[in-house]
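Worksheet for the structure shown next.
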Amino acid sequence: MHHLCGMKKIFRSLILFLFYGFHCHAQKITNGNFENWHVVPFSFGNFVYDPDGWTSTNGASAPANTVGILKGTNAFSGAYALEIHPLICMGPTALTSAICMGTAPVDWDTYKMDYRKGGLPISYKPAHLKGYYNFEPLDSERDSAYAIVLLKKYDLTSKKSIVVGKGSYVFGTSKAYSPFDVDIADSMPSTLPDSMVVAFFFQSHTKDFRSYDHDLFIDSVFLSGNSAIHEIGLSENQSIDLYPTLLGPFDQVNISTQNINKDLDLKIYDGQGKTILCRIIPTHVVHESITLPHLQSGLYFYEVYDGQQILKSGKILVNAH
């Protein structure tokens with residue numbers, strides 16, 4: 001009997017580990033800080049650069065001596081950022097610089113990217129795409145910079161991918177790095193995606209010479225939230241408290257619960273979406289002190305959920321000085 005009980009505990013712990021580990025590590029954008037780049041050759045030993053894990057219009061447009069995707073040094077964090085420069089305007093048609101996470105086909109005659117056919121695998125529904133941008137358009141009326149996110153699911157009946165979630169964002173003028181937030185609408189709540197498209201674009205009708213000071217810079221991109229998990233709060237006789245919310249670099253946080261008859265999951269993450277701590281709070285625990293890893297000064301966020309719904313969320317401010 002003791003052997004069976006032990007096996008049950010091990011099995012239960014394994015299930016929780018697999019679920020919780022996936023949830024904590026799933027919210028990632030490939031090379032979202034744009035620190036890693038690779039060479040894209042195009043002709044006669046010439047080459048351009050693309051960020052690792054992304055496909056751009058560079059390979060098609062470079063032979064015509066116009067390149068739109070650059071390894072920007074005006075970074076929000078780290079050494080590099082994604083810099084998007086508009087392609088040379090030819091005649092009445094404005095050409096669009098584009099970059100897509102994963103792979104996407106590009107027409108080498110028109111330089112157009114079919115971003116809808118791009119993307120990378122995903123198995124949950126993020127609620128937001130967030131990051132930071134810097135953009136000073138040369139002509140605010142004719143310069144257009146925007147982001148598009150698509151969540152797709154392959155339909156076996158039609159043998160086509162259908163869109164189950166989508167979001168878009170138009171970048172306004174920002175002389176310094178500012179946060180952006182693409183709200184990803186859940187268009188088919190009962191269907192989880194199997195792939196995700198994240199794409200950035202810059203189109204200009206301006207034919208005047210333009211310096212690179214007017215480019216779009218993108219950095220520190222991450223996914224946030226899960227539209228399949230809903231924040232419902234607590235009933236009157238239930239409570240969850242996490243304190244203190246003003247911490248030093250090596251402090252502990254305490255979590256106390258009342259009348260919560262299920263296991264809870266606690267996640268703490270930073271402003272870039274990076275997970276700092278994941279912890280399972282078992283049903284029988286009504287108070288626990290948790291030692292945090294060394295933290296830099298800044299704003300952090302926490303979520304407490306039961307696997308299906310967020311029961312409580314909030315902010316933690318760390319002053320490391």
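Structural remarks
- Test: residue in the stretch 217-227 that is within 30 Å of GLY72 (Cα to Cα), exposed (fewer than 15 other Cβ atoms within 10 Å of the Cβ) and touching a Gly at 6+ places or on another chain (Cβ under 9 Å): no
- Applying the set (1) touching a Ser or Thr at 6+ places or on another chain (Cβ under 9 Å); (2) modelled with pLDDT under 85 to ASP263 leaves exactly one unmet item: (2).
- Annotation for the stretch 312-321: at least one member residue is surrounded by fewer than 16 Cβ atoms within 10 Å (Cβ to Cβ), in contact (Cβ under 8 Å) with a residue 12 or more places away in the chain, out of contact with any strand residue (DSSP E or B) (no Cβ under 6 Å at 6 or more places or on another chain) and hydrophobic (A, V, I, L, M, F, W, C).
- Total residues in the stretch 280-308 satisfying the condition of being under 22 Å from the mean Cα position of the chain (by Cα), surrounded by 12 or more Cβ atoms within 10 Å (Cβ to Cβ) and part of a strand (DSSP E or B): the figure is 7.
- The number of residues in the stretch 133-187 that are charged (D, E, K, R) and not in a strand (DSSP E or B) comes to 5.
- Test: ALA62 is small (Gly, Ala, Ser) and modelled with pLDDT of 95 or more: no
- Test for VAL163: is it surrounded by 14 or more Cβ atoms within 10 Å (Cβ to Cβ), over 28 Å from SER77 (Cβ atoms) and modelled with pLDDT of 95 or more: yes
- Within the stretch 215-230, if we keep just the residues that are of a type outside the set (Ser, Thr, Tyr) and not in a loop (DSSP other than H, G, I, E, B), the residue that is modelled with the lowest pLDDT turns out to be HIS230.
- Looking across the stretch 189-214 at every residue that is modelled with pLDDT of 90 or more and outside any strand (DSSP E or B), the one that is surrounded by the most Cβ atoms within 10 Å (Cβ to Cβ) is identified as PRO193.
The values are calculated or read from the model by the stated rules, or taken from the named source; none is laboratory data. Small disclaimer: the values here were computed from a predicted structure and weren't measured. Glycine gets a Cβ as well: all are built from the backbone with ideal geometry, and neighbour counts include every protein chain shown.
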